[in-house]
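Notes for the one structure printed next.
Taken together, the values in this text are just the output of simple stated rules run on the coordinates, not laboratory data. Here the structure is a predicted model, which is why all the values come from computation and not from measurement. Methodologically, a virtual Cβ is constructed for each residue, glycine included, from the backbone with ideal geometry; neighbour enumeration extends over all protein chains shown.
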Amino acid sequence: MLYTVLMEYRGGTYISQVDGHSVPNALQRWAAALDPALIKGLGQARKRELIDQIDSDLADGVWPVPLDDLKDVWCTSACTSGGFLLINLVATQQRKGWPRVIVNPVTGLPVLSAGPNAPVLSSKEVQKILADFP
């Protein structure tokens with residue numbers, strides 16, 4: 001899934017896109033890909049603080065919150081020694097053919113589906129898909 005990430009930090013608004021298989025994964029990948037030289041007042045040390053806080057929050061079950069009355073939009077925040085960050089993630093585009101969990105119309109149970117013409121998935125690919133499944 002392609003996510004558009006909007007960050008407010010120290011009076012600036014920064015927008016980028018990242019590919020991820022879930023919202024938590026997209027958040028982690030986005031933080032890792034940040035270029036501190038392009039963000040006023042961030043720097044390498046504060047980027048590391050941000051990454052550490054995101055990892056800690058996710059490990060503690062503190063995930064981005066879906067916004068009421070909006071589809072595929074989440075919000076989270078972080079605080080570094082440089083200040084407060086407000087981060088919004090918007091699911092922008094579904095990858096074609098990417099496996100996803102759907103409800104089987106016959107059984108009503110969740111199943112993994114990549115569509116009718118999908119290649120066979122390896123155990124490693126299934127493990128990756130289910131990594132952030134609650």
Qualifying positions in segment 51-65 - surrounded by 14 or more Cβ atoms within 10 Å (Cβ to Cβ) and either part of a helix (DSSP H, G or I) or out of contact with any Pro (no Cβ under 8 Å at 6 or more places or on another chain) (or both): 51, 53, 54, 55, 57, 58
Residue 16 vs (1) polar (S, T, N, Q); (2) in contact with a strand residue (DSSP E or B) (Cβ under 6 Å, 6 or more places away or on another chain); (3) closer than 22 Å to residue 125 by Cβ: all pass except (3)
Given (1) in contact with a Phe, Trp or Tyr (Cβ under 8 Å, 6 or more places away or on another chain); (2) surrounded by fewer than 17 Cβ atoms within 10 Å (Cβ to Cβ), index of the condition residue 45 fails: (1)
Residues of segment 52-61 being of a type in the set (A, V, I, L, M, F, W, C) and within 13 Å of the chain's Cα centre (by Cα), which ones? 54, 58
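Looking for something basic (Lys, Arg) and assigned to a strand (DSSP E or B) - is there at least one such residue anywhere in segment 97-107?
yes
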Exactly one of these conditions fails for residue 108: (1) over 18 Å from the mean Cα position of the chain (by Cα); (2) surrounded by 11 or more Cβ atoms within 10 Å (Cβ to Cβ); (3) at positive phi. Give me its number. (2)
